[in-house]
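J.: Questions regarding the structure given below will be posed in turn.
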Amino acid sequence: MSRMPPPAPAVETLRALLALSADLATQVDVSLLLERMLDSLMQVFRAERGFVLLADARTGELSPALSRGGDAGAGGVSSTVARRVAELRTPLLITDAELADLKAATRSLAQSEVRSIICTPLVKDEQLLGVLYLDSRALQRPYGREDLALLETTARGAAGLIATALEADQLRRDVRIFRALHHGDAQAAFAQIIGRSRALTAVLKQARAVASQEVTALILGPSGTGKELLAKAIHGASRRRERPFVAVNCAALAPDVIESELFGHEKGAFTGAGERRIGRFELADRGTLFLDEIGELKPDVQVKLLRVLEARQIERVGSSKPVDIDVRLVAATNVDLETAVKRGAFREDLYYRLNVIALRLPALAERDDDVPLLVEHFVREFNARVGRTLRGVEPAAMEALVRYRWPGNIRELRNVIERAFVLEASDRLTVDSLPHDLVHGARGGATAPAAGASPFAGYPPQLEAARGVFERAFILEALKRHGFNVTAAAQAMDVPRNTLYRRMEALGIRPAEVARGAPRDGESS
């Protein structure tokens, strides 16, 4: 039966540790540094297995960074031992006698032949960097207090080098992101936003400036104008671009689950909470959280969201323990939040917290020049998706598409092109494949219903499109009743004058032209 070699003399051990310190001092790559350190320590302490676990700088949670002789992610290292060392920030020696009780309670050790463990924290300036873990199965070489003291001393010196290497590693990543942003990646992030109109160009210029800053942004605009796409572009051009982009539609979440969806919950927090769930804020850690339709949030959730933005902490449902978050928030709405604040439906303090930078996406009616570009884009998209080879759009069909006012905005345009792909039999899109109302009422106004017909007969079939048509007709009627005095019309409709001006602009209403009797958008003079 082979015997383990005797313990190394103290002088040889110290010599090996001094050589290790000199070697580590020359390493600036964190991965190489950890490998050199662990390999040398396993040789010095004659360990069968060794692990380095690094702590998340924000949460303190440990995750395997390097392993030798086993898989730290599959129960190779006792999480109980590692967590205890991390929490107490003190080294730990576990001998054969003490392991009996630990094996009975710890699944990862139950089937092992481990006889002794030495484990020590890696701490620099009171910050936990991680944990260093060694174990031995040798009966002839159990670890003792001297081994633990030597490992602790070595770890104390190595922690400073590890901290420096981690900082250098983060700096290199930051430099790569900075260079990428200044070599076209920032521009590429906005490449999916189609259009060259003056109205769109202005807001994209603002958005690029916003992307480079860590500020909360509020995107305004009618439904279907591409608010989520703009939020993705801001994220893609920011320093957080390598981290998650998490989108939440607040209007699509039921009131009884929205708090859990945003902040997460603990096991047993409510009926059906069978396990802990991480919320969207934590999923977006170090990235961007996009809250669409934020105007639909209930007052109690608004209060909690305001607290999160101020404290940069969340509390999972069923827990009173705060969790730090590092999230850039971008919100969006098609609701007039100023009016909602006056009605008491939206908190004023939350509105000002969100409205640090406001970006207003123009309605498609303000971007006539962009319609041909968008049509060409969608034709290419659906050609690739359905395997067609349509060569474009007939001039008469394009003219109808450009003249239409698009109350449903880009979303409606995309749906129209998708519908045309289904109906079109030729190799180009023609007026025959476009909706009848779009072609024959190309300015987007609702036609008067015939006697006995449904009052909605003249409206487009899409809800958003019909809503835009109604809103436009309603505003025009109010303007006429008040002699095209915008202030008087706004007071009658109980909305701020600036809000009415914005809606008129979005719907293509120019009161001076209408007052002069100029034909506009299907209205007769």
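J.: Among the residues of segment 496-525, what is the count of those that are modelled with pLDDT of 80 or more and not in a helix (DSSP H, G or I)?
T.: So the answer is 1.
J.: Okay, moving on. Limited to segment 271-292, what total is found for residues that are within 30 Å of LEU229 (Cβ to Cβ) and exposed (fewer than 14 other Cβ atoms within 10 Å of the Cβ)?
T.: Selection size over segment 271-292: 1.
J.: Suppose we keep only residues that are more than 20 Å from the chain's Cα centre (by Cα), among the aliphatic types (A, V, I, L, M) and assigned to a loop (DSSP other than H, G, I, E, B) within segment 317-360. Which one would you say is farthest from ALA207 (Cα to Cα)?
T.: It comes out as ALA345.
J.: In contact with a Gly (Cβ under 9 Å, 6 or more places away or on another chain), at pLDDT 85 or above, at negative phi and polar (S, T, N, Q): which single residue out of SER197, SER223 fits that description?
T.: Checking each option against the conditions leaves just SER223.
J.: Testing ILE234 on (1) over 17 Å from the mean Cα position of the chain (by Cα); (2) not in a loop (DSSP other than H, G, I, E, B), one condition comes back false. Which one is that?
T.: The failed condition is (1).
J.: Only residues that are farther than 11 Å from PHE190 by Cβ, assigned to a helix (DSSP H, G or I) and aliphatic (A, V, I, L, M): list them for segment 208-231, please.
T.: ALA209, VAL210, ALA231
J.: Test ARG353 against the stated conditions and say whether it is in contact with a Ser or Thr (Cβ under 8 Å, 6 or more places away or on another chain), of a type outside the set (A, V, I, L, M, F, W, C) and surrounded by 15 or more Cβ atoms within 10 Å (Cβ to Cβ).
T.: In short, yes.
J.: Separate question: Could you count how many residues in segment 31-61 are at positive phi and either charged (D, E, K, R) or surrounded by 21 or more Cβ atoms within 10 Å (Cβ to Cβ) (or both)?
T.: 1
J.: Is it the case that segment 50-60 has a residue that's of a type outside the set (A, V, I, L, M, F, W, C), at pLDDT 85 or above and in contact with a Lys or Arg (Cβ under 6 Å, 6 or more places away or on another chain)?
T.: yes
J.: Please identify the pairs in which a residue from segment 313-331 that is free of Cβ contacts under 8 Å to residues at least 24 places away in the same chain has its Cβ atom under 8 Å from the Cβ atom of a residue that is of a type in the set (Phe, Trp, Tyr) and assigned to a strand (DSSP E or B), counting only partners at least 6 apart or on another chain.
T.: Partner pairs satisfying both residue conditions: none exist.
J.: Quick check on this structure: which one of LEU171, LEU166, LEU139 is more than 39 Å from the chain's Cα centre (by Cα), surrounded by fewer than 20 Cβ atoms within 10 Å (Cβ to Cβ), modelled with pLDDT under 85 and aliphatic (A, V, I, L, M)?
T.: LEU139
J.: Kindly evaluate LEU305 against the criterion of being at pLDDT 90 or above, among the hydrophobic types (A, V, I, L, M, F, W, C) and under 30 Å from ASP494 (Cα atoms).
T.: yes
J.: Still on this structure: Suppose the filter is assigned to a helix (DSSP H, G or I), at pLDDT 75 or above and surrounded by fewer than 18 Cβ atoms within 10 Å (Cβ to Cβ); does VAL422 pass it?
T.: The answer is yes for VAL422.
J.: Given the structure, is ASP300 out of contact with any strand residue (DSSP E or B) (no Cβ under 9 Å at 6 or more places or on another chain), modelled with pLDDT of 90 or more and farther than 19 Å from LEU283 by Cα?
T.: No.
J.: Would you mind stating whether ARG286 is in a loop (DSSP other than H, G, I, E, B), within 12 Å of LEU329 (Cβ to Cβ), in contact (Cβ under 8 Å) with a residue 24 or more places away in the chain and outside the structural domain of LEU507 (by TED's automatic domain parsing)?
T.: The answer is no for ARG286.
J.: ALA492 - would you say it is over 24 Å from GLY408 (Cβ atoms), of a type outside the set (Ser, Thr, Tyr) and at pLDDT 80 or above?
T.: It is true that ALA492 is over 24 Å from GLY408 (Cβ atoms), of a type outside the set (Ser, Thr, Tyr) and at pLDDT 80 or above.
J.: Still on this structure, I have one more. Is it the case that SER260 is modelled with pLDDT under 90 and not in a loop (DSSP other than H, G, I, E, B)?
T.: Values: modelled with pLDDT under 90: yes; not in a loop (DSSP other than H, G, I, E, B): yes.
So SER260 fits the description; yes.
J.: Restricting to segment 289-316, name every residue that is in a loop (DSSP other than H, G, I, E, B) and either in contact with a Cys (Cβ under 7 Å, 6 or more places away or on another chain) or closer than 18 Å to ASP349 by Cα (or both). I'd like the intermediate steps shown before the answer.
T.: So in segment 289-316, the residues in a loop (DSSP other than H, G, I, E, B) come out as 293, 297-298, 312, 315-316.
Of everything in segment 289-316, those that are in a loop (DSSP other than H, G, I, E, B) and either in contact with a Cys (Cβ under 7 Å, 6 or more places away or on another chain) or closer than 18 Å to ASP349 by Cα (or both) turn out to be GLU293, LEU297, LYS298, ARG312.
J.: What's the number of the condition GLN192 fails, among (1) modelled with pLDDT of 85 or more; (2) assigned to a loop (DSSP other than H, G, I, E, B)?
T.: (1)
The values are calculated or read from the model by the stated rules, or taken from the named source; none is laboratory data. What you see is a predicted model; the values in this text were computed from it and never measured. Reconstructed Cβ throughout: ideal geometry from the backbone, glycine too, with neighbour counts over all protein chains shown.
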